[in-house]
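*Asks:* Would you mind keeping the following structure in view while I ask a few things?
Rule-based calculations on the coordinates, nothing more; no lab input. Note that the structure is predicted; figures quoted are calculated from it, not measured. Cβ placement follows ideal geometry from the backbone for every residue including glycine, while neighbour counts extend to all protein chains displayed.
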Amino acid sequence: MPTTNPYTFERSDDMIHMDRNTSPISPLGDDAIAEVIKATKIYEYPGDEINQFKQLYAGYYDIDPGAIEVANGSDEWIQKAIMTLGRNGVMTLDPDFVMYHEYANQVDVPVHTISCDSDFKFDFDMVIEEIKIHEPSLFLISVPHNPTGRMFRAEELQALADAMQRVGGYLVLDEAYFEFGPAYTRPEGKHVLIIRTLSKMFGVAGLRIGIAIAKGETFDKITRLNHPYPVNSLSLNLASKVFSDRTALDQFVRYQLDSKKQLSESLRYACDKINIIESSTNFILTYGDNARDLADYLIGHGYQPRIYNKAPLENAVRYSIIGSEHYERFNQLIKEWSNQYDKEGTRDKGNKNIHST
């Protein structure tokens with residue numbers, strides 16, 4: 001089918017955004033936010049607030065609070081990792097999080113990429129060979145992968161860590177979405193740096209809190225550019241409020257995971273017409289000849305997915321989770337598109353390339 005929208009309908013000005021990869025709801029109610037605002041001492045530096053948040057976050061994951069540090073979003077940690085660990089060159093996958101390139105370009109650090117195949121999969125034997133050839137000082141990889149949502153195998157990630165250690169480099173695991181995926185065995189090595197965020201699972205993207213987890217020399221290098229008080233008091237106190245009530249937080253996490261399940265079930269209504277990648281994140285990537293047509297139909301009816309215009313994603317569309325109240329209409333629209341598609345007689349029912357992955 002054509003990628004332009006052939007359908008006639010009224011377009012709503014109130015778009016349901018599925019293009020932002022953030023939570024559709026807040027983990028804190030108005031009363032809780034007001035309580036935190038009232039208690040925040042804006043006339044003091046946030047030393048105690050930093051320590052309190054570190055203790056709560058470390059307790060939630062059962063890790064050493066001395067091994068973590070905070071910054072103004074995980075983007076700041078990516079930027080600092082490139083500045084401190086990547087001066088001799090950065091390597092990443094293509095595609096991966098676009099800001100890896102942006103921050104490397106800011107400080108004139110060369111970037112080498114390893115391309116995916118037509119189904120957005122990567123050959124890690126090729127990745128290891130490229131590391132041997134180019135000897136980057138830093139490898140950045142999102143785990144689970146952004147934008148496909150796939151979870152890499154433990155042996156692939158360990159091989160990647162081992163290869164970077166052999167060339168004297170560092171490995172960054174960007175775990176922005178890891179809470180949505182299955183538990184996995186992280187690569188071992190003192191040269192491994194973990195970067196996390198509160199923007200995805202925990203629904204506080206506006207607070208801009210990023211976490212770095214590392215040991216020894218790697219921790220010292222990544223934190224040496226940090227400010228004395230890298231995150232403001234209000235953001236830290238609001239984040240601490242989120243982690244203070246475990247029961248409420250568990251309920252909020254369940255809402256997020258249930259929304260992801262609903263999104264997966266919704267897109268199955270079109271699984272014989274578009275390619276759908278099984279995802280370990282809060283979004284799902286679709287691709288193929290018909291993916292853009294479905295996206296156009298949904299956009300026209302008030303649902304805005306993420307559209308790409310550059311290779312290798314020009315035929316891909318990504319859908320983020322939405323509020324549970326919006327799925328009934330979303331399902332109806334996908335069914336309508338599918339039915340109209342079939343009635344027009346344009347579907348090639350013998351096309352072996354139409355599948356789910």
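*Asks:* Does segment 101-203 come out rounded, prolate or oblate by the C-alpha gyration tensor, with a ≥ b ≥ c the root eigenvalues, rounded set by a/c under 1.5 and, if not, prolate when a/b is larger than b/c and oblate if not?
*Replies:* Rounded, since a/c falls under 1.5.
*Asks:* Would you mind pulling out the separation of the Cα centroids of segment 152-221 and segment 102-129, in Å?
*Replies:* 17
*Asks:* Skipping prolines and chain starts, which residues have an amide H placed within reach, meaning under 5 Å, of the one on ILE209, given they are 5 or more residues away or on another chain?
*Replies:* Here the answer is GLY73, LEU198, since their amide H atoms fall under 5 Å of that of ILE209.
*Asks:* Which of rounded, prolate or oblate describes segment 165-282 when judged by the alpha-carbon gyration tensor and an a/c cut-off of 1.5?
*Replies:* Details: a/c = 2.60, a/b = 1.33, b/c = 1.95.
Oblate, since a/c reaches 1.5 and b/c is not below a/b.
*Asks:* Residue by residue, what Karplus-based ³J(HN,Hα) values in Hz, rounded to whole numbers, does segment 211-218 have, using 6.51, -1.76 and 1.60 with θ = phi - 60° and x for Gly and Pro?
*Replies:* Once rounded to whole Hz, the list reads 10, 10, 10, 7, 10, x, 4, 4.
*Asks:* Under the classification rounded if a/c is under 1.5, otherwise prolate if a/b is larger than b/c and oblate if not, where does segment 185-227 fall, given a ≥ b ≥ c as square roots of the Cα gyration tensor eigenvalues? The partial results should precede the final answer.
*Replies:* Values: a/c = 5.36, a/b = 1.48, b/c = 3.62.
Oblate, because a/c is 1.5 or more while a/b does not exceed b/c.
*Asks:* Taking the alpha-carbon distance from LYS121 and a cut-off under 17 Å, which aspartates and glutamates remain once sequence neighbours fewer than 8 residues away in the same chain are dropped?
*Replies:* Candidates past the 8-residue exclusion: ASP94, ASP96, GLU129, GLU130, GLU155, GLU156, GLU278, GLU314.
*Asks:* Here's a follow-up. DSSP loop (so not H, G, I, E, B), at most 16 other Cβ within 10 Å: list which chymotrypsin sites (Phe, Trp or Tyr not before Pro) in segment 28-120 pass both filters.
*Replies:* TYR43
*Asks:* Where a Cα-Cα gap under 28 Å defines reach, which lysines qualify for LYS38, not counting those fewer than 8 residues away within the same chain?
*Replies:* Hits, sequence-local ones excluded: LYS54, LYS200, LYS241.
*Asks:* Moving on. In whole percent, what relative contact order does segment 235-292 give with Cα contacts below 8 Å and a gap of six or more residues?
*Replies:* Values: 31 pairs, mean separation 13.8, N = 58.
Once divided by the residue count of segment 235-292, the mean separation gives 24 percent.
*Asks:* Towards the positive end of the charge dipole of the chain, with charges on Cβ (+1 Lys, Arg; -1 Asp, Glu), say which of TYR60, ASN105, ILE222 has the farthest Cα.
*Replies:* About the Cα centre, the residue reaching furthest to the positive side is TYR60.
*Asks:* Between ASP258 and ASP117, what FRET efficiency follows from the Cβ-Cβ distance if R0 is 35 Å, with the result rounded to 0.05?
*Replies:* 0.60
*Asks:* Okay, next question. Note down the magnitude of the dipole of the chain about its Cα centre, charges +1 on Lys and Arg C-beta and -1 on Asp and Glu C-beta and zero elsewhere, to the nearest 20 debye.
*Replies:* 140
*Asks:* LEU193's amide H: which non-local residues (gap 5+, or another chain) put their own amide H closer than 5 Å, with H modeled 1.01 Å from N in plane and none for Pro or chain starts?
*Replies:* For LEU193, whose amide H was placed from the backbone, the distant partners under 5 Å are LEU171, VAL172, LEU173.
*Asks:* Still on this model: Of GLN158, SER115, PRO95, which is farthest towards the positive pole of segment 73-195's charge dipole, taken about the Cα centre with +1 and -1 on the beta-carbons of Lys, Arg and Asp, Glu respectively?
*Replies:* Highest projection toward the positive end goes to GLN158.
*Asks:* Could you pull out the pairs from LYS261/LYS343; LYS273/LYS310; LYS132/LYS215 whose alpha carbons sit more than 27 Å apart here?
*Replies:* LYS261/LYS343
*Asks:* Quick one: Karplus J couplings for segment 148-153, per residue in order, coefficients 6.51, -1.76, 1.60, θ = phi - 60°, nearest Hz, x for Gly and Pro?
*Replies:* 7, x, 6, 9, 6, 6
*Asks:* Take every DSSP beta bridge whose two residues both sit in the chain, then give the antiparallel share in percent to the nearest 5. Intermediate results must be reported in sequence, preceding the final value.
*Replies:* On the way: 17 of 37 bridges.
Around 45 percent antiparallel, to the nearest 5.
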